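The values are calculated or read from the model by the stated rules, or taken from the named source; none is laboratory data. As the structure is a computational prediction, the values presented were derived from the model and not from experiment. Methodologically, a virtual Cβ is constructed for each residue, glycine included, from the backbone with ideal geometry; neighbour enumeration extends over all protein chains shown. Note: areas computed on protein heavy atoms with side chains; ligands, DNA, RNA excluded. Shrake-Rupley method; radii C 1.70, N 1.55, O 1.52, S 1.80 Å.
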Amino acid sequence: KTLLNAFATVHQKYPWCRLEVLGCGELLEELRSLSASLLIDSAVKFHGWSRDIPGFLAGIDTFVLSSRSEGLPMTLLEAMAGGLPVVATAVGGIPEVVEGAGCGWLAPPGDANSLAGKMISAMTAPDRLERGALGRKSVIERYSVESMAGQYEELFNSLIASR
């Protein structure tokens, strides 16, 4: 709901903008109704469930995650790996990842006005492509299979050494 309300603000200022939503769940029909009541339904596409995450990410310019609660979302890492600039809510492990990589903008959870402002910042920032590249670099360096395996090996070795 926060994302749709934020997008309504963005769409008023930039009517050419589109919002692509991937996924489905028990709130889908409610969100479709909200989109219609906000008069943005012609600019919002609900894709439903898909296994083609890379294909979806390749078709968007900025990744937006408006969660109220998260740990470290795989969707965030996938978007960063795809070189997308990120707009997200500052919950769970998201701030550490986004700020650490310098790849995006953060808004408080549930704050549609702030999220809209961050979305506009992402759309208009002259360094948006560079931010996306920084996110990709960070994912490769910190979250690739090779990197994670190395980090686990270091952890296990330090635990064994401390015995």
(request) Could you tell me what percent of the accessible area of the stretch 1-106 is made up of carbon and sulfur, with a 1.4 Å probe and every protein chain present? (result) 52
(message) About the Cα centre, and with charges only on the beta carbon of Lys, Arg (+1) and Asp, Glu (-1), how big is the dipole of the stretch 31-152? Nearest 20 debye, please.
(response) 200
(message) Quick check for you: with a 1.4 Å probe and neighbouring chains kept, what is the accessible area per residue of the chain, in Å²?
(response) 58
(message) Through the Karplus equation 6.51 cos²θ - 1.76 cosθ + 1.60, θ set to phi - 60°, convert the phi angles of the stretch 90-105 into ³J(HN,Hα) values in whole Hz; use x for Gly and Pro.
(response) 7, 10, x, x, 4, x, 4, 6, 5, 5, x, 8, x, 9, x, 10
(message) Give the separation of the Cα centroids, the stretch 61-76 to the stretch 93-146, in Å.
(response) 10
(message) Can you show me the helix-derived [θ] at 222 nm for the chain, built from DSSP H runs with n ≥ 4 at -39,500 (n - 2.57) apiece and divided by the number of residues, rounded to the nearest 500.
(response) -17000 deg cm²/dmol
(request) Could you run the Debye sum over the Cα atoms of the stretch 18-141, one equal point scatterer each and no solvent, and tell me log10 of I(q)/I(0) at q = 0.13, 0.18 Å⁻¹, two decimals? (result) -0.51, -1.01
(request) Per residue, how big is the convex hull around the C-alpha atoms of the stretch 1-83? Give it to me in cubic angstrom, could you? (result) 102
(request) Using the Karplus curve 6.51 cos²θ - 1.76 cosθ + 1.60 with θ = phi - 60°, work out ³J(HN,Hα) for each residue of the stretch 17-32 in order, rounded to whole Hz, and write x for Gly and Pro. (result) 5, 10, 10, 10, 10, 10, x, 8, x, 5, 8, 4, 5, 4, 5, 4
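Take peptides 150-159, 52-61, 124-133 and line them up by average Cβ neighbours within 10 Å, highest first, as a rough protection proxy.
Peptide ranking by packing, descending: 124-133, 52-61, 150-159.
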(request) Amide H neighbours of TRP105 under 5 Å, at least 5 residues apart or on other chains, H built in the peptide plane: list them. (result) VAL86, VAL87, ALA88
(request) Return one quarter of the surface area of the convex hull spanned by the alpha-carbon atoms of the stretch 53-110, equal to its mean projected area, in nm². (result) 3.5
